[in-house]
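Q: Got a structure for you, written out below as structure tokens; questions coming shortly.
The values are calculated or read from the model by the stated rules, or taken from the named source; none is laboratory data. This is a predicted model, so every value here is computed, not measured. So basically every Cβ, Gly included, is an ideal-geometry build from the backbone, and we count neighbours across all protein chains shown. Areas reflect the complete protein model, heavy atoms only, side chains present, ligands, DNA and RNA absent. Shrake-Rupley method; radii C 1.70, N 1.55, O 1.52, S 1.80 Å.
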Amino acid sequence: MLDKTSKALLEEGLQRLKAGETAHLSQVESIIHFDFSDLGRLLRNPLTRTPQVRVALRGRKVQESRYTRTTVVGRQEVNDSICPERIAKLISQGATVTLDSLELSVPEVAEVCQLFEDQLQRPCLATAYITPANVEGLAPHIDEEDVMMVQTAGSKHWRYGQPEPGVGTMSRILEGDYSNLTQSGLLQTGGLITLPSGTPHSGTSSSKGSIHITFSVERPRYGKLFSQLLSKTVESSAFPSKLHEQLPFDNYQPPLNEYIEPIISALEHQLQESSKETCETSAQWNERIEDIYASWDAVTFGAVTVKLKESFTLNSVDENTTRIRTMTSGLQATVSRELETTLRTLLDRKRLDHVDVDKFPILSTLAGYGVVSANPTSEKHIP
């Protein structure tokens, strides 16, 4: 668990990232514990496999066969588990090791990612960089993401400059004499540095070696936003019917303004609707998935309380069957007409109490698609 001091320092760094302030270096005693022993334990786990682990030596990618091994998981051989002994030799030769998605393996790192997502409403990824003594990890470069780097073992000397202006920043290696790296500082164990998107930077490990974790958040770009909006607009009721007219076979010279103006109007409407939406964080995703599997547990009870989470439509197919369909989760299923009354009651009331699972066979499917959640309302039946 993060202590109050660490959490306050992280939140302060997040505010700087949100404000787009220039790089800032802070030093405390400790924020996250992840040292070389923790690295060794993680690499010994046969479930740690490629592509989570990447290795680079003298600026070039090391082939995965040089640091993987064949192990047995269950009853099946896997040939891409990480070999910690080979990794150790590569580090000793000057290689930099990268561990992606560290939040999936280290609970403390996951807690920091959740803090980022709660504050910024964007997905956060954690990547660990392991660098041997006196080695420059990556060539001077910029990242398109907003990043915060936390030193967890050893120390690293950083050079950095002012963020590039404009919204078109893309990740790339810097060229030239690196004269724009005008500031520097030593990041020791427990310290952190915040780098807004587009900040040029480069780090060199000390004689102790270095492990630091980068927490990165990527903001959406206008081009991608407009592409998504246009796709949604075409499928929405706001899309002007005039734009469904067919093109002529020849003399294709349409009055563009006549067509562009209704598109802009429809896009503005869709933008207003999209602004009400929020990005699902990993914590929210985990909660949603946990609810699905907990609902399946509830189905093993004699009776359940059912709560509606996503609306659906009901359409009669024939005198015996009804089709149920959802828009978001993609559920399409056919049920007996006998269940139609129960399903319509669920739509109207948003919940059903004391439902007999045996008389509601579609329940498991609805729960599996996240359309409903189920909670037990009776003691578990023991045969």
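Q: For segment 146-172, which residues satisfy the criterion of being at pLDDT below 75 and either open to solvent by 70 Å² or more (accessible area, probe 1.4 Å) or under 30 Å from Val106 (Cα atoms) (or both)? Give the derivation first.
A: Our first condition is that a residue be at pLDDT below 75; within segment 146-172, this holds for 165-170.
Passing the criteria: Pro165, Val167, Met170.
Condition check ((1) more than 30 Å from Glu111 (Cα to Cα); (2) at pLDDT 90 or above; (3) of a type in the set (Asp, Glu)) across all residues:
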| residue | (1), (2), (3) |
| --- | --- |
| Leu271 | yes, no, no |
| Gln284 | no, no, no |
| Leu314 | yes, yes, no |
| Asp358 | yes, no, yes |
| Leu366 | yes, yes, no |
| Gly370 | no, yes, no |
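Q: In segment 15-63, what residues are open to solvent by less than 70 Å² (accessible area, probe 1.4 Å), assigned to a loop (DSSP other than H, G, I, E, B) and at pLDDT 90 or above?
A: Phe34, Asp35, Asn45, Thr48, Thr50, Gln52, Val62, listed by residue number.
Q: Further question: Working only within segment 290-346, note down all residues that are aromatic (Phe, Trp, Tyr), under 19 Å from Asp358 (Cα atoms) and in contact with a helix residue (DSSP H, G or I) (Cβ under 8 Å, 6 or more places away or on another chain). Outline the logic, then answer.
A: Filtering segment 290-346 for residues aromatic (Phe, Trp, Tyr) gives 293, 296, 301, 312.
Adding the requirement that they be under 19 Å from Asp358 (Cα atoms) leaves 293, 296, 301.
Listed by number, the residues that qualify are Trp296, Phe301.
Q: Give me the strands (runs of 3 or more DSSP E) completely within segment 66-108, filtered to those with at least 1 residues that are without any contact (Cβ under 8 Å) to a residue 40 or more places away in the chain, ordered by residue number. If you could, list the steps in order and put the result at the bottom.
A: Details: elements: 68-73, 76-82, 96-99.
Of the strands (runs of 3 or more DSSP E) lying wholly inside segment 66-108, those with at least 1 residues that are without any contact (Cβ under 8 Å) to a residue 40 or more places away in the chain span 68-73, 76-82.
Q: Counting only residues that are part of a loop (DSSP other than H, G, I, E, B), touching a residue at least 60 places away in the same chain (Cβ under 8 Å) and under 24 Å from the mean Cα position of the chain (by Cα), how many does segment 357-377 have?
A: Residues meeting the conditions: 2.
Q: Which residue, of Val106, Val112, Val72, is over 30 Å from Arg219 (Cβ atoms) and at pLDDT below 95?
A: Details: Val106 fails: over 30 Å from Arg219 (Cβ atoms); Val112 fails: over 30 Å from Arg219 (Cβ atoms).
When all the criteria are applied, what remains is Val72.
Q: Just to verify a result, which residue in segment 321-351, among those that are surrounded by fewer than 14 Cβ atoms within 10 Å (Cβ to Cβ) and among the hydrophobic types (A, V, I, L, M, F, W, C), is farthest from Asn375 (Cα to Cα)?
A: Ranking the candidates gives Met327 first.
Q: Find the residue count for segment 282-320, including only residues that are open to solvent by 90 Å² or more (accessible area, probe 1.4 Å) and within 25 Å of Gln114 (Cα to Cα).
A: 6
Q: While we're here: Tell me whether segment 125-142 contains one or more residues that are within 23 Å of Ser205 (Cβ to Cβ), charged (D, E, K, R) and modelled with pLDDT of 90 or more.
A: As a first pass, look at segment 125-142 and keep what is within 23 Å of Ser205 (Cβ to Cβ): 125-142.
Within this subset, residues satisfying the condition of being charged (D, E, K, R) are 136.
With the extra rule that they be modelled with pLDDT of 90 or more, the set shrinks to none.
No: zero hits.
Q: Determine, yes or no, whether Leu10 is at pLDDT below 95 and either touching a Pro at 6+ places or on another chain (Cβ under 8 Å) or under 18 Å from Thr189 (Cβ atoms) (or both). Reasoning before the result, please.
A: On the way: at pLDDT below 95: yes; either touching a Pro at 6+ places or on another chain (Cβ under 8 Å) or under 18 Å from Thr189 (Cβ atoms) (or both): yes.
In short, yes.
Q: With respect to the numbered conditions (1) open to solvent by less than 60 Å² (accessible area, probe 1.4 Å); (2) modelled with pLDDT under 90; (3) more than 24 Å from the chain's Cα centre (by Cα); (4) not aliphatic (A, V, I, L, M), which one is the sole condition not fulfilled by Thr96?
A: It is condition (2) that Thr96 fails.
Q: Right, another one. Scan (1) over 24 Å from the mean Cα position of the chain (by Cα); (2) within 27 Å of Pro107 (Cα to Cα); (3) among the basic types (Lys, Arg); (4) surrounded by 13 or more Cβ atoms within 10 Å (Cβ to Cβ) for the single condition Arg66 breaks and write down its number.
A: (2)
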